[in-house]
Amino acid sequence: MTVASLNEKILSIEEEQRLLAPIDEYVGAIQDKIDALRVDGTDKVTALTNHMAVVKENANYTKAEKAAILAEDKKALAQAKAVEEQHKGEIKSLTDQAVKYLDENYDKQYYASVAASCAAEKEAENKRYEAELAELKSQHAAELAKLSDQGEIKDEKYVFKNKQFDAKLKHDATLQAIKDRRHDAYTHRYHLIDLLRLSKFTFAEKQKQKWENYKYSFNIRQFLLANGLYIVIVLIFILLCILAPVVKNTKLLTVTNILNILQAASPRMFLALGVGGLILLGGTDLSVGRMVGTSMVLATMIMHKGINTGALFGHIFDFTGIPIGVRMIMALVICCCVTTLFTSFAGFFTARFKIHPFISTMANMLIMFGLMTFATKGVSFGAIEPEIQNIIMPKIGGKFPTIILWAVAVIAIMYFIWNKTTLGKNMYAVGGNSEAAAVSGISVFRVTITAFAIAGILYGFGAWLECIRMVGSGSASYGQGWETDAIAACVVGGISFSGGIGKIQGIVVGVLIFTALTYSLTILGVDTNLQFVFSGIIILAAVTIDCLKYVQKK
């Protein structure tokens, strides 16, 4: 189709306004009626409510003056609410009439024509741009043919590139204007509904607006920066699912495998949520694996049946005289207390002396590993009583492992803390800019210590669950490399190392993705050492993408 024929389909601004005028007039007439009905009702209720709030906060009034003004306002408010209630049915009827008219006529009489016009205008602009580039190229070739001096040729090439750049800027600006024009035509309908209903939309209307806004603001580069790593990992997982039947004669996507992945991911969810809070503050934690190892030793030692197979600092313990329920709780409390003590120790040095968490948690890692290896001589503490697993995480219907429910519970709790509490908001503020947070009155020390303490509790609880899931086998070396898995899950899930950016749901997705890939590689028989290489590549890629986002924002 030629540019001339496309131009015939393009509406002028005046033509668009003529199409829109009947709609605005019809809905505007109804809006005027509704506004008139709201004057002594809804509008007065809003005004009086705001006035009462101002009076309550005004220190210039005496207590008696406030009481008198508020009493008068309450009396007027009651009358206004009565009027509002009286006109409620009529306003709803008028609103429904206007919305029905928009549903039946807006697209047909206005938006469809504008959208078609914008599509034609976009196509015409693309053709114009192609023709302009071809013309510039032709002119450039003609100019080069006249020149022989290398300096002049270089200058001509520079001028040509500048002309191309200017043409691209003009082209992009025109396309954006076309995009804005179509978007404005689409959203005008919801602007009218907004006035009719006072910003109250149905669920379907909200979803339509969200989808439109997503399409309008969509940027392929931003999308790939935000989701590129997810896409690559999912493609790798799909490839593994295809290879598994060929290489190992087994299927990956079975109910049993999915439940196994969720079961293995559950204790790791605790660890990732703990370290995620520290990354949100702009830090990290290298001691996660040692926290798991220490907790596994302590939990196995307490929940072991009979005399322990290993000694702790030369002492052999036997806790079987204590009721099994008490021992389970005792193991959990001791694990959480020990891990919280060590994380708070690292958090104190980070908060008080501004030592980077990389250093303070690395010190923790070395201290814990050294102490526990010395205390146990590297000996494993055997297994816990098998009935404990049936008590803490029985399988529903003999298949569904309830350890998954523990993970769901901690996800819900941490989501609430991050998103619904002052502590969560302060964590985002401190991670985004600790100096600005301190100036605004936030105690950076308290927030940092609290985040480390919460991480410690999560580490202890997660290691306790892992001990029960594995029926013990606690040793100081258990959990080696788990810190990389937890950190990788967080960065893959979008927790930014620059601090102040990230969501709980991102961590959940990261843990599930990482656990699924590790499980798949294990089924395919990939060596554990090579899996560490795989983890390192993922971390490097995720942090690189995170840095690109940070640089782009700056």
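Read the figures in this text as sums done on the coordinates, not as results from a lab. A quick note: this is a predicted structure, and the numbers were derived from the prediction, not measured. Using ideal geometry, Cβ is built from the backbone for each residue, glycine included, and neighbour counts are taken over all protein chains shown.
Some values worked out for this structure:
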quantity: Förster radius 51 Å - calculated FRET efficiency between Leu548 and Val39 (Cβ-Cβ, nearest 0.05); calculated: 0.40
quantity: Nearby lysines by direct alpha-carbon distance to Lys200 (threshold 16 angstrom, same-chain neighbours under 8 apart not counted); calculated: Lys88, Lys92, Lys100, Lys208, Lys210
quantity: Segment Lys168-Lys395, extension gain: residue separation times 0.36 nm, minus the distance between their alpha carbons; calculated: 75.5 nm
quantity: Inter-label distance for Asn433 and Asn213, nm, one decimal - labels placed 7 Å from Cα along Cα-to-Cβ; calculated: 2.4 nm
quantity: Additional length obtainable on full extension of the chain from Thr46 to Leu175, 0.36 nm per residue less Cα span; calculated: 42.2 nm
quantity: Segment Phe313-Lys127, length gained on full extension (0.36 nm per residue, minus Cα span); calculated: 58.9 nm
quantity: The chain, dipole about Cα centre (Lys/Arg Cβ +1, Asp/Glu Cβ -1), debye to the nearest 20; calculated: 1480 debye
quantity: Order by protection proxy (mean Cβ within 10 Å, highest first), peptides 20-30, 461-471; calculated: 461-471, 20-30
quantity: 5 angstrom amide H check on Gly472, placed H, neighbours 5+ away; calculated: Ile384
quantity: Pairwise FRET efficiency - Ala116 versus Gln505, Cβ, R0 = 30 Å, nearest 0.05; calculated: 0.15
quantity: Of the DSSP H helices in the chain, those whose Cα atoms cover at least 18 Å axially and whose Kyte score averages -0.5 or more; calculated: 13-38, 42-57, 220-247, 255-280, 288-303, 324-353, 357-376, 403-420, 444-469, 504-523, 528-553
quantity: Value of relative contact order over the range 3-221, rounded to a whole percent, pairs C-alpha under 8 Å and six or more apart; calculated: 28 percent
quantity: Inter-site label distance for Asp155 and His356 at 7 Å from Cα along Cβ, in nm; calculated: 5.0 nm
quantity: Charge dipole (the chain, unit charges on Cβ, about Cα centre) - positive-most of Gln79, Ile442, Leu169; calculated: Ile442
quantity: Spin-label model distance (nm) - Ser440 vs Lys63, 7 Å beyond Cα toward Cβ; calculated: 3.6 nm
quantity: Protection proxy ranking of 407-416, 479-488 - average other beta-carbon atoms within 10 Å, highest first; calculated: 479-488, 407-416
